[in-house]
Each structure stands twice: as C-alpha cells, then as structure tokens.
Amino acid sequence: MQTFRNVLFVPHGAPTFALNPGAAGAAMLQMVQKLPTPRAIVVVSPHWDTRVPTVSIATQLETIHDFYGFPEALYTIQYPANGCPEVAKEVANALRNAGMDVDDSSQHGLDHGAWQPLRQMFPHADLPIVPLSMQTHAGPEHAYRVGQALSGLVKKNILVIASGNITHNLRDWQIAASTNGQTPDYVHQFSNWVSEKLSAHDLSALINYRQRSAEGRQAHPSEDHLLPLFVALGAAGTAATPQAFYRGVSDYVIAMDGYAFVN
C-alpha cells in the first residue's frame with residue numbers, strides 16, 4: 001500500500017483558475033483527501049519573493065488579490081484562513097538550523113499563488129497556515145535546501161505545499177490568447193522532460209534544467225514558478241518517489257502538473 005509524504009507540488013495556473021478549477025482542481029482535492037489531516041500547512045508561492053526566507057507570523061491571513069485586469073468576481077473571493085505563529089517559529093528555527101538567515105513578517109497573508117490552490121484543497125479554510133517566501137534570485141539549489149530544512153517538519157504532520165507551474169511563459173500566453181493560438185510544442189516537451197527526470201530521480205538534471213533541457217529557458221524565462229518544485233523535492237527527501245496526480249495544460253502555455261511523493 002502506498003504511503004504519501006506530507007508534501008505536494010501543486011499548480012495555481014492563471015488567476016482565473018479560482019473561477020474555473022476544472023479537472024486540475026478536482027484532482028488536487030482528491031489528492032489531499034489521501035493524506036492525514038495535517039497539524040498545519042506551510043505554503044510557498046513564487047508570488048512572495050524576498051531576499052531571505054521570510055515566514056509569516058500573522059494570526060489572521062489577508063486574502064491578497066495581487067493581479068490586475070481580470071473578472072471582477074475574482075476580487076470578491078476571500079479565503080479567511082488563520083495563521084499559526086507557533087508553527088511559524090518551528091519553520092524559522094528549522095531554516096536557521098540549516099544555516100540560513102531568516103526574517104519574519106507580521107503582515108503578509110496569502111497571495112493568489114497560495115490561496116488559489118488552498119481554496120481547492122481545503123475549501124473551509126479550517127486549518128492553520130504558515131506562508132513562507134521564495135528567493136528567485138538564489139536559484140534551484142537554494143530552493144532545494146529550503147525544502148531539505150523543512151523535511152523534519154514533514155515528519156511532525158506538517159503539510160508542505162509548494163505552489164507553482166511546470167511551464168510559465170507569460171509572453172507566449174499573451175501571443176496565444178490574442179491570436180486564439182495553439183499550445184506550443186515546448187510546453188508538452190518540457191512537461192514530459194520534467195516527468196522523466198523526476199521518475200529517474202535525476203536531481204542534477206532538474207537543478208540544471210536551463211542547461212540540460214532544450215525547452216527549459218523558453219518554459220521559464222524567469223525561474224520563479226518552477227522553484228517551488230525544488231522546495232517540494234527537498235522536503236520530500238531522496239527516498240520518496242514523485243508521482244503525478246494530475247497532468248494537463250491550461251491557458252495554452254501553463255502546464256498544470258501536480259505531484260505527490262510516495263514512500
């Protein structure tokens with residue numbers, strides 16, 4: 001019988017994912033129901049980017065609508081989750097014990113990269129959540145080390161949710177959307193490449209994806225949306241096998257693949 005680690009890499013797609021979650025949203029809900037109810041959730045999103053890892057110690061988490069030009073209905077959505085200063089302290093200590101500088105924020109809530117997937121998986125907002133920032137400038141190896149630092153918390157029934165997208169090229173999205181275009185070949189090619197390297201446990205290739213994959217740079221002009229995958233890999237540990245619980249493409253260019261980790 002498969003046993004899942006308390007780690008997920010989930011897609012958050014475009015902001016309109018909140019209104020039309022489709023098959024990806026259903027798969028996320030189904031996946032999280034296979035996990036034990038966590039004591040708390042640590043969520044990382046590329047939309048909170050700071051110089052050093054920063055932990056939110058807020059007790060009530062604002063729903064941040066950090067996007068523009070979308071349907072008005074999106075701006076009325078609220079995800080009234082509570083924070084957890086106690087677990088936030090554990091997160092900060094784990095990062096410091098791994099040799100990292102750590103900051104905290106008493107104000108930061110949930111950006112759309114966090115509340116959109118959380119709303120699909122935990123619609124009642126009834127679990128304490130600790131947002132943790134990303135450091136895009138520091139690259140995949142740093143993101144992996146952040147995940148490794150969190151691996152001890154995973155064993156304490158804290159769920160680590162890393163939210164991003166396997167492909168994320170906004171310029172190509174704009175072109176496709178304005179021309180009613182088709183999904184570029186590189187989207188499926190890079191998604192397949194990532195899946196193959198995850199199955200092979202080829203961490204070196206994944207970390208060096210911009211050099212090792214022909215499609216890596218086009219799939220991610222900026223690394224921000226792929227870096228959460230490395231946090232998930234580090235938190236799950238090398239003994240865990242990544243297993244896709246959903247694969248598909250949304251909005252022409254966004255690979256919505258989600259991964260769980262099996263012992």
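The values are calculated or read from the model by the stated rules, or taken from the named source; none is laboratory data. None of the values given here were measured: they were computed from a predicted structure. Methodologically, a virtual Cβ is constructed for each residue, glycine included, from the backbone with ideal geometry; neighbour enumeration extends over all protein chains shown.
Evaluate the following for Ala114: is it surrounded by fewer than 20 Cβ atoms within 10 Å (Cβ to Cβ), at pLDDT 95 or above and either hydrophobic (A, V, I, L, M, F, W, C) or closer than 21 Å to Gly248 by Cβ (or both)?
Working: surrounded by fewer than 20 Cβ atoms within 10 Å (Cβ to Cβ): no; at pLDDT 95 or above: yes; either hydrophobic (A, V, I, L, M, F, W, C) or closer than 21 Å to Gly248 by Cβ (or both): yes.
No: the conditions fail for Ala114.
Before we move on, is Tyr68 under 19 Å from Gln116 (Cβ atoms), part of a helix (DSSP H, G or I) and without any contact (Cβ under 8 Å) to a residue 24 or more places away in the chain?
On the way: under 19 Å from Gln116 (Cβ atoms): yes; part of a helix (DSSP H, G or I): no; without any contact (Cβ under 8 Å) to a residue 24 or more places away in the chain: yes.
Taking the combined requirement at face value, the residue does not satisfy it.
Please list, ordered by first then second residue, the pairs with beta carbon atoms under 8 Å, 6 or more apart or interchain, first in the stretch 173-196 and assigned to a loop (DSSP other than H, G, I, E, B), second of a type in the set (Ser, Thr, Tyr) and at pLDDT 85 or above.
Listed pairs, sorted by first residue: Gly181/Tyr252; Gln182/Tyr252; Thr183/Tyr252; Pro184/Tyr252.
If only one of Ile64, Ile41, Ile57 is surrounded by 14 or more Cβ atoms within 10 Å (Cβ to Cβ), of a type in the set (Val, Ile, Thr) and either at pLDDT below 95 or more than 23 Å from Asn157 (Cβ to Cβ) (or both), which one is it?
On the way: Ile41 fails: either at pLDDT below 95 or more than 23 Å from Asn157 (Cβ to Cβ) (or both); Ile57 fails: either at pLDDT below 95 or more than 23 Å from Asn157 (Cβ to Cβ) (or both).
It is Ile64.
Which of the residues that make up the stretch 120-172 are on the phi > 0 side of the Ramachandran plot and in a helix (DSSP H, G or I)? Working first, answer last.
First, pick out the residues of the stretch 120-172 that are on the phi > 0 side of the Ramachandran plot: 125, 139, 157.
Residue satisfying the conditions is Gly139 alone.
Are there any pairs, at least 6 apart or on different chains, whose C-beta atoms fall under 7 Å, with the first in the stretch 25-42 and within 13 Å of Phe245 (Cα to Cα) and the second assigned to a helix (DSSP H, G or I) and among the polar types (S, T, N, Q), and if so, which?
Gly25/Gln120; Met28/Gln120; Leu29/Gln120
Given the residues Val160, Val102, which is the only one that is surrounded by 24 or more Cβ atoms within 10 Å (Cβ to Cβ) and at pLDDT 95 or above? Steps first, please.
Numbers: Val102 fails: surrounded by 24 or more Cβ atoms within 10 Å (Cβ to Cβ).
The match here is Val160.
Return yes when Val146 is in contact with a Gly (Cβ under 7 Å, 6 or more places away or on another chain), within 12 Å of Val231 (Cβ to Cβ), touching a residue at least 12 places away in the same chain (Cβ under 8 Å) and among the aliphatic types (A, V, I, L, M) and no when it is not. Walk me through it before giving the result.
Working: in contact with a Gly (Cβ under 7 Å, 6 or more places away or on another chain): yes; within 12 Å of Val231 (Cβ to Cβ): yes; touching a residue at least 12 places away in the same chain (Cβ under 8 Å): yes; among the aliphatic types (A, V, I, L, M): yes.
Here the answer is yes, as Val146 does meet what is asked.
What's the number of the condition Ala26 fails, among (1) closer than 22 Å to Ala260 by Cα; (2) hydrophobic (A, V, I, L, M, F, W, C); (3) crowded, with 21+ Cβ neighbours inside 10 Å?
Just one mismatch for Ala26, condition (3).
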